[in-house]
Amino acid sequence: MKPFAIAKILTLGLFSFTFNSFSSQVLQVPNSPVNQKILDKLDLDYACMGNTKDHLHFHLDQRAKNILESNKFSKTSLFKDSKIVNENIESQFDIESFSKTKNDLGIYHTHQELVQELQETAKKYPSLTELKVVGTTVEGNDIHAIVLSNKKSTLDKKSFLVTGTHHAREWISTEVPLASIQDLLQSFSSDDEASTILNNSTLVYVPMLNVDGAIFSRTQQRMWRKNRRKEGISSTGVDNNRNYAYEWGGAGASGSAWSNTFRGPEAMSEVENKVIAQLHDQYDFVTAISFHSYSELILWPWGFTDKMKSKDHKIFEKYGKKMGAIMGGYKPIQASGLYPASGVFDDYLYGQHGVLTYTIELGKQFVPKPSEVPTINSNGSKLLRYMFTEARAPFENVANTTEYQIAQALENIVKSLNINSEVTSYTNELSALQSFKKEQIEAVMKDLDMSPLTRIQINRLIKKQALFNTLQDK
């Protein structure tokens, strides 16, 4: 047998599986707590792989195969009721299918092409744009932001953030922001909607946030996900979408430097994440959209916990459903409905700054076929127009009702429980809940889709706090 041929055949029940040393497959497994724990424990790459509520997809490359060979029990559990859904995931990055020129990616932008387009755009529309360098990466590359707004307009303006390429291999996530920029600028003089948006808004686009990783993915290692921070002797890269300060270090974020979801040495350690924080400090965004790939999903907070919905879930759902329809049937869902992930963009801007935030998972693979890109770009531009028009003050009319107060207290308790179990960290919330009836609290728990175990845990804490208050009063 040739050395590059079949290395091992695994048979489990009715499922036969072939290990090929040079294949880079995607395996589908049931989306269960057990499988999530196995994938997290073994640091197998299942982020943004076309996951659903029912199934998880993970990257079965040679590294994953070696890990699974050393963890027989985990391998047996994972491969039960599983199947290959992509025989060679790296084939989507085949440059020859995009262009015959070695350094050209066809419809997809290289970093150099991106910068050139932004520079030309700023020069062509000086009264509507401002091109800025908002950060410099560890490898010395500039991170560019372009700000769109009619400089002559004196109207009160709302600020919006649009980002692409948190993750290097998600090439399409750069293209939609670029398409939206051209859509609005080219239409400004002839399209009432475009002119209204630019007269009344400040739109901040960062089409390629993770510049170092994007360059590395396009030129050396196609499936590269992280940035290019050097961590120790042999490990490189931090997952920028696990490095944000809100609930940093929790579920779905690895402490292992070699992992694809490495959270970094500390929260906000990465220049890319600091850029987002600094931009919010400067512009005070009301809404933010982060483009990723893939799965055809509209995601919103919370990502860090699947124990409950957010207190504003009805607002997230309202805009999310509309965006899903605009994109041609993308599924709107709370992010943790797939699997919990902490230290993410959406949770950070919403939880820490009160911004309406969404992640849009574009397409059916990291790099959609060139023929699919125009439709994705067009729909993505329409989605952004909708949000720029409709999501200008998304939380303005939120009433401070009894139900909302209860929801906020419950949300804070769940957050504290996620960090530690010290009662002192949520005593104020427990005391506040004493003024509400048990039926009211139970109704809100149901509305927030709180998990049964979390309900039991919080009800016990409420009773314990009530007893404590009674003793204090005596």
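The values are calculated or read from the model by the stated rules, or taken from the named source; none is laboratory data. Computed from a prediction, not measured in an experiment: that's the story for all the values here. Ideal geometry is used to build each Cβ from the backbone, glycine not excepted, and the neighbour counts take in all protein chains shown.
There is no residue in segment 433-449 that is buried (at least 20 other Cβ atoms within 10 Å of the Cβ), outside any helix (DSSP H, G or I), touching a strand residue (DSSP E or B) at 6+ places or on another chain (Cβ under 7 Å) and of a type outside the set (Ser, Thr, Tyr).
Scanning segment 354-382 for residues that are among the aliphatic types (A, V, I, L, M) and more than 30 Å from Val398 (Cβ to Cβ), which turns out surrounded by the most Cβ atoms within 10 Å (Cβ to Cβ)?
First pass over segment 354-382, keeping only residues among the aliphatic types (A, V, I, L, M): 355-356, 360, 362, 367, 373, 376.
Now drop any that are not more than 30 Å from Val398 (Cβ to Cβ), which leaves 367, 373, 376.
On the way: Val367: 27, Val373: 21, Ile376: 21.
Within segment 354-382, the match that is surrounded by the most Cβ atoms within 10 Å (Cβ to Cβ) is Val367.
Could you please let me know if Glu270 is of a type in the set (Asp, Glu), in the same structural domain as Lys157 (by TED's automatic domain parsing), free of Cβ contacts under 8 Å to residues at least 40 places away in the same chain and more than 16 Å from Thr357 (Cβ to Cβ)?
Details: of a type in the set (Asp, Glu): yes; in the same structural domain as Lys157 (by TED's automatic domain parsing): yes; free of Cβ contacts under 8 Å to residues at least 40 places away in the same chain: no; more than 16 Å from Thr357 (Cβ to Cβ): yes.
Answer is no for this residue.
If I filter segment 173-230 down to residues being β-branched (Val, Ile, Thr), out of contact with any His (no Cβ under 7 Å at 6 or more places or on another chain) and in a helix (DSSP H, G or I), which single residue comes out as nearest to Leu148 (Cα to Cα)? Can you show your working first?
Initial filter on segment 173-230 (β-branched (Val, Ile, Thr)): 174, 176, 181, 196-197, 202, 204, 206, 211, 215, 219.
Now restrict to residues that are out of contact with any His (no Cβ under 7 Å at 6 or more places or on another chain): 176, 181, 196-197, 202, 204, 206, 219.
Going one step further and asking which of them are in a helix (DSSP H, G or I), we end up with 176, 181, 196-197, 219.
Numbers: Val176: 15, Ile181: 8, Thr196: 12, Ile197: 10, Thr219: 30 Å.
This residue is Ile181.
How about segment 293-365: which strands (runs of 3 or more DSSP E) wholly inside it have at least 3 residues that are farther than 20 Å from Arg385 by Cβ and in contact (Cβ under 8 Å) with a residue 24 or more places away in the chain?
Details: elements: 297-300, 331-334, 356-361.
It comes to 331-334.
Contact map, segment 178-206: residues that are of a type outside the set (S, T, N, Q) paired with residues that are modelled with pLDDT under 95 and not in a helix (DSSP H, G or I), Cβ distance under 7 Å, separation 6+ or inter-chain. No pairs are found.
Of all residues in segment 52-65, none that is surrounded by fewer than 18 Cβ atoms within 10 Å (Cβ to Cβ) and part of a strand (DSSP E or B) has its Cβ atom under 6 Å from the Cβ atom of a residue that is of a type in the set (Lys, Arg) and at pLDDT below 90, 6 or more apart or on another chain. Can you say whether Lys102 is at pLDDT below 90 and not assigned by TED's automatic domain parsing to the domain that holds Pro30, as far as the supplied structure shows? Taking the combined requirement at face value, the residue satisfies it. The residue list Ser259, Ser234 contains one member that is assigned by TED's automatic domain parsing to the domain that holds Ser173 and within 19 Å of the chain's Cα centre (by Cα), which is Ser259. Looking at Pro340, is it within 21 Å of Pro177 (Cα to Cα) and not hydroxyl-bearing (Ser, Thr, Tyr)? When the stated conditions are applied, Pro340 does not pass them.
For the residues Phe73, Phe79, Phe93, Phe58, the requirement of being modelled with pLDDT of 90 or more and out of contact with any Gly (no Cβ under 7 Å at 6 or more places or on another chain) singles out Phe58. Restricting segment 265-320 to residues that are within 27 Å of Pro452 (Cβ to Cβ) and among the polar types (S, T, N, Q) leaves a set whose member that is surrounded by the fewest Cβ atoms within 10 Å (Cβ to Cβ) is Ser310. Are any of the residues in segment 140-154 free of Cβ contacts under 8 Å to residues at least 24 places away in the same chain and either in the same structural domain as Glu372 (by TED's automatic domain parsing) or in contact with an Asp or Glu (Cβ under 7 Å, 6 or more places away or on another chain) (or both)? Yes: segment 140-154 contains one or more residues that are free of Cβ contacts under 8 Å to residues at least 24 places away in the same chain and either in the same structural domain as Glu372 (by TED's automatic domain parsing) or in contact with an Asp or Glu (Cβ under 7 Å, 6 or more places away or on another chain) (or both).
Among the residues of this structure, Ser416 counts as one that is under 30 Å from Asp284 (Cβ atoms), of a type in the set (Ser, Thr, Tyr) and surrounded by 15 or more Cβ atoms within 10 Å (Cβ to Cβ). Only residues that are modelled with pLDDT under 95 and either surrounded by fewer than 16 Cβ atoms within 10 Å (Cβ to Cβ) or farther than 22 Å from Glu117 by Cα (or both) were counted across segment 190-223, and they come to 5. Taken over segment 1-51, residues that are at pLDDT 50 or above, assigned to a strand (DSSP E or B) and not polar (S, T, N, Q) amount to 4.
In segment 106-158, the residue that is farthest from the chain's Cα centre (by Cα) out of those that are within 26 Å of Asn273 (Cβ to Cβ) and of a type in the set (Gly, Ala, Ser) is Ala122. One residue stands out among those in segment 132-167 that are assigned to a loop (DSSP other than H, G, I, E, B) and charged (D, E, K, R): the one that is surrounded by the most Cβ atoms within 10 Å (Cβ to Cβ), which is Lys157.
Inspection of segment 450-464 finds a residue satisfying the criterion of being over 30 Å from Glu193 (Cα atoms) and within 24 Å of the chain's Cα centre (by Cα).
Answer with yes or no whether Glu170 is assigned to a loop (DSSP other than H, G, I, E, B) and either surrounded by 24 or more Cβ atoms within 10 Å (Cβ to Cβ) or modelled with pLDDT of 95 or more (or both). Working first, answer last.
On the way: assigned to a loop (DSSP other than H, G, I, E, B): yes; either surrounded by 24 or more Cβ atoms within 10 Å (Cβ to Cβ) or modelled with pLDDT of 95 or more (or both): yes.
Considered against the rule, which asks whether it is assigned to a loop (DSSP other than H, G, I, E, B) and either surrounded by 24 or more Cβ atoms within 10 Å (Cβ to Cβ) or modelled with pLDDT of 95 or more (or both), Glu170 comes out as yes.
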